[in-house]
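See below for the structure under consideration.
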Amino acid sequence: MKRHLPRRRRTSVAAAAAVAAALALTACGGGDTPSDDASGSTAAGGSEPLVISLDSSVDLLDAQAWRTPAAMVATGSLVEQLIEQTYDTDGLVRTGTTEFEGALAESWDVSEDGLTTTFHLRDGLAFADGTPLTAQDVVWSYQRSLLGPGYVKALLPFAGVASPDDVTAPDDSTVVVTSSFASPLLAKMEAMQPLGVFSQATGEANATDDDPWAGAWFRENANSSGPYTVASYDPTQQLVLEPNEHYYAPDKIANTGVTIQFVSDPSQRALLLRSGELDLAQGIPLDQVKAMEDEDGLTVVSEPSNRLEYLGFNTSEAPFDDARVRQAVARAVPYQDLVDQVLYGYANASTGVVPASMETHSDEAGTFEEDLDAAADLLAEAGLPDGFSSTLYYKQSNAVEAAAAVLVQANLKEIGVDIDLKPLTDADFTQQTNARALPMYLNNFLGWGADPFYQMYYLAGSAAGTNFTSYANPDLDALLQEGVATTDEAGRAEISAQAQQVIYDDMPFVPVYNPAWTFVVRDGVSGLTKDNTEQLRLQYLTRG
Amino acid sequence: MTRYVLRRLGTSALTVLGLVLVVFLVTRILPGDAAAARLGPEATPEDVAALRASYGLDDPLLVQLRDYLVRLAQGDLGRAVSTGRDVGTELVARLPATIELALAALVVAVLIGVPVGVLAAAHRGRPADVAGRVYAVLGSSMAPFWLGLLLIFGLFSTWQLLPGPIGRLPVGTTPPPDVTGLYVLDALLAGDPATAGQALRYLVLPALTLGIGASAAVVKMVRSALIATAGTGYVRTARAFGVPPRAVLWRDQMRNAMLQILTSLGLVLSFLLGGNVIVEQLFSWPGMGRLAYDAVRANDLEVLQGYAIVIGILYIALNVLIDLAYGLIDPRIRLGGARA
């Protein structure tokens, strides 16, 4: 089932050996904090902290209020959740599964009706400042996610936990989470960093009347419950992370620290990686990634992703208020050319709103194939035999979307549709999509937790903030709500297939491709860990 | 003199006020709403409205202006909408990096611009002059971004002579203790020549990128200032008395052209301070320009406003200093004595 993209792993054997050596060494090290004993681990070659550069800078350190993708990665290492997912290791990459194991919670029980989960915390948990971590901190963190400064407040309610009273702490080591319906999505969210644990005492000490959840303090600081602490942070330059000596599982930290360097220009990132100043880089222009596959000293790691690039419509205005027009555009998209020419193969052509790599994907809904004749017929059927004109918007900062837009424009011209291309600044794009002001736009979406119902709801649900299409279908909403509250696999698959069919038929947006999860690393770097939300989990990175 | 200084400071204050007004109005006219961008699609309209209200963005323009001036008078440049950080603190924290880069670029511009300009003026109309003028045209028409890419490609990527565009110091190096914020200087003050050397190496590429462009302006200006003095009576007299041309050039022409050169160097420096947004971006240089670049992308008018005001004030302050320096350089100019 798992589809692999072309990639080169010349050093996989050496890397695997290095990982094994590193793991053996850290296991022997027991509770020693790696940073205190950097010289002792030179045998594994992993003693120097890693230096990486991601596709953005870290805008702030609050795991519930970050905005940039790099900040999601960084904050994920400054909080620990109650549970975490298990991983499948394949070469350099560890991929998250839908199975979970305890993290701060040693164990948990779910009530028979599936509505109540009781977590039992480990003994002796502590924050980075040494103060004890108790069930009260967990409750405070969950409440902060619902009421606090972040925008993750939509998360928990979607999985059935809407009220701050739904999370309680009967004693210092027990947390009880009550939901209004049982859903596999809840565990996925509980394993994600926005539900990681913040210190209540630290929060209260830094709260003000205007800022009861200490949003200002947590923007710049952390009292970590996760694998790292912040050694230094300059929002324009770098974030230096050091192992947290109070972390509950020191053996889960496979390196001696990670520095995230904010290199703003993607091409410069490539140069720095080549010169050895970076161990890992993300967001390198894909033509250069392609060239790097043949370069000595570098390894390209590319895995299929659930991230979805889509062509959105404003379904409330002509001509896109007619599903036949939207279907016509969908048949005019050059799916394979986009993958080959714009993404240099680092993508999969569209397989639908629920991608083939996500559970409950259905092949039944319909395929995505370029067919200009069928497109022209559909336009004629919709009463537009001579086509129409419109404007396609995309983000200026996204070179891939800019190139993709040109190919889409050329194909649409073939069926008489004249498209102007218009790039917008990121902020302008966000604002205009929020206002549902754009007739056609390229955008991308990554559903949290790799959950099909989350994916469909947030793209096509009528009340979803991220549904920019103005598409509203009460039947679909009901179907998705039923799906998210269904726990048996067969039932989920069936409801999901029905919903995929509805979305395919109405086509409020065209799923275009799934860009791959791609990094370039120096040879010997391994342990790239992709969780369910496709975030890099830094503590597992090693350098052989 | 004191009277002149006071009057000069008074007019500068008015200029600053004018600057603040223009910047305030321009940023209010520009489209875009950082509050919506900041909160993202999941935010409710109430959240956006609350954030807008907390920044006073819904108040009438005059009320906003009054509040802004009051805050500004207290040294408060506001909070960034996109990150919630204090704009003044952010800008001040980045100022030394920008100043260090601008000063280094000025040194580059002078080291290249003055000799080339003098040479061109001394050999007016001959090949050296033509070469100097060609350099001036090329230097001023080459986009800094492109020049930076060429320099990175040659000096870092191909020949590995200089470090890459990754900021002010190698990753993992602790910055020197903060005195002036200029790393090279601070490291020397702390008696740490190794770090000073590192900081200098990281400074060279961005300084060259900025400085080469600026040197073109210096060439043009030195050349024309010297040529303007060539036709004056004192030069003719000196020549007639048989003073060697070289001595006339350096002793008489240069000293008299100095005033003009100094003025333009001041302008070049203010250009360097404000004009390095792209270069800072390219070299991951953690200065004010980079903050401004991010602010543009985030529609964060609070930050842009603060940036424009700080750069404007620096510009005005530099000009005042240059004016005051006139009296020191050229004793014929009596500042404030314009009563005759």
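The values are calculated or read from the model by the stated rules, or taken from the named source; none is laboratory data. Every value quoted in this text rests on a predicted model; they were computed, and no experiment measured them. Methodologically, a virtual Cβ is constructed for each residue, glycine included, from the backbone with ideal geometry; neighbour enumeration extends over all protein chains shown. Side chains are part of the model used for accessible areas, which takes the heavy atoms of the whole protein and leaves out ligands, DNA and RNA. Shrake-Rupley method; radii C 1.70, N 1.55, O 1.52, S 1.80 Å.
Structure summary
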{"quantity": "Residues of the range A:243-267 satisfying the condition of being open to solvent by 40 Å² or more (accessible area, probe 1.4 Å) and within 12 Å of another protein chain (Cβ to nearest Cβ)", "calculated": "A:PRO266, A:SER267"}
{"quantity": "Filtered residues of the range A:534-543 (kept if among the polar types (S, T, N, Q) and touching a strand residue (DSSP E or B) at 6+ places or on another chain (Cβ under 8 Å))", "calculated": "A:GLN539, A:THR542"}
{"quantity": "Some residue of the range A:293-316 being more than 30 Å from A:TYR504 (Cβ to Cβ), within 14 Å of chain B (Cβ to nearest Cβ) and within 22 Å of the chain's Cα centre (by Cα)", "calculated": "no"}
{"quantity": "Given (1) surrounded by 20 or more Cβ atoms within 10 Å (Cβ to Cβ); (2) modelled with pLDDT under 95; (3) part of a loop (DSSP other than H, G, I, E, B), index of the condition A:ALA128 fails", "calculated": "(2)"}
{"quantity": "Single residue of A:THR75, A:THR118, A:THR95 found to be out of contact with any helix residue (DSSP H, G or I) (no Cβ under 9 Å at 6 or more places or on another chain), at pLDDT 95 or above and not in a loop (DSSP other than H, G, I, E, B)", "calculated": "A:THR118"}
{"quantity": "Residue list for the range B:18-34, restricted to those being away from chain A (no Cβ under 14 Å), open to solvent by 70 Å² or more (accessible area, probe 1.4 Å) and modelled with pLDDT under 80", "calculated": "B:ILE29"}
{"quantity": "Search result, residues across the range A:367-406 that are touching an Asp or Glu at 6+ places or on another chain (Cβ under 6 Å) and in contact (Cβ under 8 Å) with a residue 60 or more places away in the chain", "calculated": "A:ALA382"}
{"quantity": "Residue ID - most open to solvent (accessible area, probe 1.4 Å), chosen from residues in the range B:45-75 that are over 17 Å from B:THR27 (Cα atoms) and in contact (Cβ under 8 Å) with a residue 12 or more places away in the chain", "calculated": "B:GLY75"}
{"quantity": "Out of A:ALA375, A:ALA427, A:ALA405, sole residue that is assigned to a helix (DSSP H, G or I), crowded, with 21+ Cβ neighbours inside 10 Å and at pLDDT below 90", "calculated": "A:ALA427"}
{"quantity": "Selected residue [polar (S, T, N, Q), free of Cβ contacts under 8 Å to residues at least 40 places away in the same chain, away from chain B (no Cβ under 11 Å) and closer than 26 Å to B:SER82 by Cα] from A:ASN206, A:ASN221", "calculated": "A:ASN206"}
{"quantity": "Cross-chain or 6+ apart pairs with Cβ under 7 Å, the range B:1-25 first and over 30 Å from B:GLN64 (Cβ atoms), then among the small types (Gly, Ala, Ser) and open to solvent by 40 Å² or more (accessible area, probe 1.4 Å)", "calculated": "B:MET1/B:GLY336; B:ARG3/B:GLY336; B:TYR4/B:GLY336"}
{"quantity": "Filter result for B:VAL87 (within 14 Å of chain A (Cβ to nearest Cβ), in contact (Cβ under 8 Å) with a residue 40 or more places away in the chain and in contact with a strand residue (DSSP E or B) (Cβ under 7 Å, 6 or more places away or on another chain))", "calculated": "yes"}
{"quantity": "Test: residue in the range B:301-316 that is open to solvent by less than 60 Å² (accessible area, probe 1.4 Å), modelled with pLDDT under 80 and among the aromatic types (Phe, Trp, Tyr)", "calculated": "no"}
{"quantity": "Scan of the range A:168-210 for residues that are assigned to a loop (DSSP other than H, G, I, E, B) and either more than 28 Å from the chain's Cα centre (by Cα) or of a type in the set (S, T, N, Q) (or both), ordered by number", "calculated": "A:ASP172, A:SER173, A:SER179, A:SER180, A:SER183, A:SER199, A:ASN206, A:ALA207, A:THR208, A:ASP209, A:ASP210"}
{"quantity": "Residue satisfying all of: in the range B:274-317; among the aromatic types (Phe, Trp, Tyr) and within 14 Å of chain A (Cβ to nearest Cβ); farthest from A:SER56 (Cα to Cα) among these", "calculated": "B:TYR307"}
{"quantity": "Exclusive hit being under 22 Å from B:ALA109 (Cβ atoms), in contact (Cβ under 8 Å) with a residue 24 or more places away in the chain, surrounded by 14 or more Cβ atoms within 10 Å (Cβ to Cβ) and hydrophobic (A, V, I, L, M, F, W, C), set B:LEU182, B:LEU138", "calculated": "B:LEU182"}
{"quantity": "Hits in the range A:64-78 (condition: under 15 Å from A:TYR540 (Cα atoms) and open to solvent by 10 Å² or more (accessible area, probe 1.4 Å))", "calculated": "A:VAL73"}
{"quantity": "Elements of type helices (runs of 4 or more DSSP H) in the range B:158-259, at least 2 residues being closer than 24 Å to A:LEU239 by Cβ and touching a helix residue (DSSP H, G or I) at 6+ places or on another chain (Cβ under 7 Å)", "calculated": "B:183-189, B:193-230"}
{"quantity": "Complete set of residues in the range B:84-109 that are more than 13 Å from A:ASP234 (Cα to Cα) and either in contact with a Cys (Cβ under 8 Å, 6 or more places away or on another chain) or not in a helix (DSSP H, G or I) (or both)", "calculated": "B:GLY84, B:ASP86"}
{"quantity": "Per-region count, the range B:60-83, residues among the charged types (D, E, K, R) and outside any helix (DSSP H, G or I)", "calculated": "2"}
{"quantity": "Selected residue [at pLDDT 90 or above and either open to solvent by less than 50 Å² (accessible area, probe 1.4 Å) or within 11 Å of chain A (Cβ to nearest Cβ) (or both)] from B:LEU119, B:LEU101", "calculated": "B:LEU101"}
{"quantity": "Cross-chain or 6+ apart pairs with Cβ under 6 Å, the range A:85-112 first and open to solvent by 50 Å² or more (accessible area, probe 1.4 Å), then assigned to a loop (DSSP other than H, G, I, E, B)", "calculated": "A:GLU106/A:ARG122"}
{"quantity": "Every residue from the range A:201-221 that is closer than 21 Å to A:LEU121 by Cα and open to solvent by 40 Å² or more (accessible area, probe 1.4 Å)", "calculated": "A:ALA201"}
{"quantity": "Residue within the range A:440-462 that is in a helix (DSSP H, G or I) and either without any contact (Cβ under 8 Å) to a residue 40 or more places away in the chain or among the β-branched types (Val, Ile, Thr) (or both) present", "calculated": "yes"}
{"quantity": "Hits in the range A:410-424 (condition: outside any helix (DSSP H, G or I) and free of Cβ contacts under 8 Å to residues at least 40 places away in the same chain)", "calculated": "A:ASP418, A:ILE419, A:ASP420, A:LEU421, A:LYS422, A:PRO423, A:LEU424"}
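Quick grid of which residues meet (1) within 25 Å of A:ALA332 (Cβ to Cβ); (2) in a loop (DSSP other than H, G, I, E, B); (3) within 14 Å of chain B (Cβ to nearest Cβ); (4) open to solvent by 10 Å² or more (accessible area, probe 1.4 Å):
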residue	(1), (2), (3), (4)
A:ALA464	no, yes, yes, no
A:ASP475	no, no, no, yes
A:GLU482	no, no, no, yes
A:ILE495	no, no, no, yes
A:GLN501	yes, no, no, yes
